[in-house]
Amino acid sequence: MTYARVGTRGYSRRGMSGPGGPGTVDGVTLDRPARRAFLVVHVVASAGWLGLSAGLLALGLAANTSGSAATVEAAVRSMRLFADWLLLPIALLTLASGLVLSLGTPWGLARHRWVWTKFWLTLATTTATAFVLRPGVNEAVAAVSAGHPLPDGGDVLFGPVVSLSAYVFMTVISVLKPWGLTRRGRRLRKTARERTPAEPARV
């Protein structure tokens with residue numbers, strides 16, 4: 001969930017600073033240093049997740065195309081190392097930092113369709129990593145270590161393909177920020193405008 005360019009575009013200072021302002025939780029908004037710190041953590045974790053997904057895909061392709069049993073075993077063992085020690089923690093860090101950025105800034109979690117879509121995609125991808133990708137890789141390692149051929153090449157390819165595709169899509173919508181406000185976002189914006197006193201007419 002890359003919330004790049006987190007800022008205040010489209011929001012007034014009055015709308016941001018009031019208690020319970022749009023996109024905040026109980027009126028709590030991250031100050032500038034905290035926002036920047038969380039943004040750095042989120043971008044680094046997101047880039048790491050993308051790189052790990054690409055690496056897992058390369059190892060999965062090597063395991064499926066190599067005629068060498070040693071190469072196949074080395075590839076799936078490396079996949080297990082990435083999946084067990086790196087992929088899930090980085091995915092959870094990406095999810096957590098994205099939540100903090102969305103809930104602690106005027107973007108909000110359910111105000112904009114692109115943010116809401118990214119949240120659910122990140123949650124789904126993290127869940128699939130824990131309950132689909134890791135078990136599939138562990139089964140492949142167990143089979144290859146016992147001297148058997150790779151049981152199903154799709155088990156070590158499907159997860160990285162889905163993860164990489166989802167993350168590229170999330171990166172694209174992070175940059176383009178498409179689709180506008182959600183229904184809740186439109187309602188909150190309308191409420192904020194109604195509460196903002198009209199400026200006196202200039203003579």
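The values are calculated or read from the model by the stated rules, or taken from the named source; none is laboratory data. Note that the coordinates shown come from a computational prediction; the quantities given were computed from them, not determined experimentally. Methodologically, a virtual Cβ is constructed for each residue, glycine included, from the backbone with ideal geometry; neighbour enumeration extends over all protein chains shown. Quick note on the areas: whole protein, heavy atoms, side chains included, nothing else; ligands and nucleic acids left out. Shrake-Rupley method; radii C 1.70, N 1.55, O 1.52, S 1.80 Å.
Values for this structure:
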item: Hits in segment 150-175 - residues which are free of Cβ contacts under 8 Å to residues at least 60 places away in the same chain and farther than 28 Å from Trp107 by Cα; result: Pro151, Asp152, Gly154, Asp155, Phe158
item: Members of segment 82-125 that are more than 29 Å from Ala58 (Cα to Cα), among the polar types (S, T, N, Q) and assigned to a helix (DSSP H, G or I); result: Ser102
item: Residue among Val156, Val161 that is modelled with pLDDT under 90 and within 17 Å of Leu52 (Cβ to Cβ); result: Val156
item: Sole residue being farther than 20 Å from Ser78 by Cβ, touching a helix residue (DSSP H, G or I) at 6+ places or on another chain (Cβ under 6 Å) and without any contact (Cβ under 8 Å) to a residue 40 or more places away in the chain, chosen from Thr122, Thr126; result: Thr126
item: The listed residue being out of contact with any strand residue (DSSP E or B) (no Cβ under 9 Å at 6 or more places or on another chain) and surrounded by fewer than 18 Cβ atoms within 10 Å (Cβ to Cβ), out of Leu99, Leu123; result: Leu123
item: Residue in segment 152-162 that is out of contact with any helix residue (DSSP H, G or I) (no Cβ under 6 Å at 6 or more places or on another chain) and outside any helix (DSSP H, G or I) present; result: yes
item: Whichever residue in segment 15-37 is open to solvent by 60 Å² or more (accessible area, probe 1.4 Å) and part of a loop (DSSP other than H, G, I, E, B) and, among such residues, is modelled with the highest pLDDT; result: Asp31
item: Pair list, Cβ under 8 Å, 6 or more apart: segment 38-51 residue touching a residue at least 40 places away in the same chain (Cβ under 8 Å) and open to solvent by less than 60 Å² (accessible area, probe 1.4 Å), other residue outside any helix (DSSP H, G or I) and not polar (S, T, N, Q); result: Leu39/Tyr3; Leu39/Ala4; Leu39/Val6; His42/Met1; His42/Tyr3; Ser46/Met1
item: Subset tally (residues that are open to solvent by less than 40 Å² (accessible area, probe 1.4 Å) and part of a helix (DSSP H, G or I)) for segment 165-195; result: 7
item: Hey, Ser66 in contact with a helix residue (DSSP H, G or I) (Cβ under 6 Å, 6 or more places away or on another chain), of a type in the set (S, T, N, Q), closer than 25 Å to Gly153 by Cα and without any contact (Cβ under 8 Å) to a residue 24 or more places away in the chain or not; result: yes
